[in-house]
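Read-outs: derived from the displayed coordinates by stated rules, not from any lab. Worth saying up front: this structure is predicted, and the values here are computed from it rather than measured. Backbone-built Cβ (ideal geometry, glycine too); neighbour counts: all protein chains shown.
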Amino acid sequence: MQELWSYFKNLFNQAESSSPSEPLIHEMIERSEAEREDYDQWKKQLVCRRLQDWLNNQYAIYCVAPDDIDEALDFLDTPSSKGFVVHFFKTRYSERDIQHFFDYLKEQVLALNYRTQISDLRTYQRPDWVETVQRHYLKPRPPFMRKDVELKASGLPLERFDQRFGNVMIEMDLRNERPHYLKFRATSYKDHLFTEAEEFRDLMQAILV
C-alpha cells in the first residue's frame, strides 16, 4: 500500500511540475493495427475529400481576400514560415476525423520525398486543462551527402541542399482529450547551403490533391 501511495504521489508531483520543456508524458506515436485499418477506410470516405476541398477553397480565398476566410481557419505567412491553423473546436468534425487528417497530411508530405524526423506525443498539466500535443516533424530527403570542409579544400564548387518547401511540422493540440487545433507549418532556410524554397501554394496543391 505504501508503494502504491508513493507511486500516485510521484505522479501528482510530476503533473504539478510539468512545463513546456518537461512534459508529464513523452512518448513516440505508434498507431495500432486497428487504427491503421480504420485510417485506410477513412481515406476513401467523403469526409476526407470534404476537408481537402474546404482547405483548398479557403486558401484560394485567402490569396485574394484574407479577411473573408472561415473563422475556424488562420493562415501563417512570414518570410521563413508559412502554413495554416485549423481551430477544430469551432467545427463539427469528430476526433476520429481530425486524428486521421493529421496522419493524412503526414502521408501526403512523405510522398514529396520527405522523411519523418520524429513523431511524438507530449502531455502537460495546465492550470485549467490537460494539454496533449501530437506532432509529426518531417524533413526533405537530401539528394546527396557531402562534407563541406572537404569540398572547400578541394576547390570544387560548393553544392547546395535542395530544401524543397523547407522542414514541415504538423501539430495536433488536444485539451482534456478534445481536439482544439491542428497546425501545419513549413519553415525554410535563407542560407547559401540551401536552394531557394519552393512556393507554399505548390505545397498546398500537392498535399490536398
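Summary table below
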{"quantity": "Of the trypsin sites (Lys or Arg not before Pro) in the range 169-205, those whose Cβ has at most 11 other Cβ within 10 Å and which sit in DSSP loop", "calculated": "Lys190"}
{"quantity": "Kirkwood hydrodynamic radius of the range 28-207, from inverse mean 1/r over distinct Cα pairs, in Å", "calculated": "18.0 Å"}
{"quantity": "Other-chain or far-sequence residues with amide H under 5 Å of Thr195's (modelled H)", "calculated": "Phe161, Asp162, Gln163"}
{"quantity": "Net charge of Cβ neighbours under 15 Å - reference Leu203; Lys, Arg +1; Asp, Glu -1", "calculated": "0"}
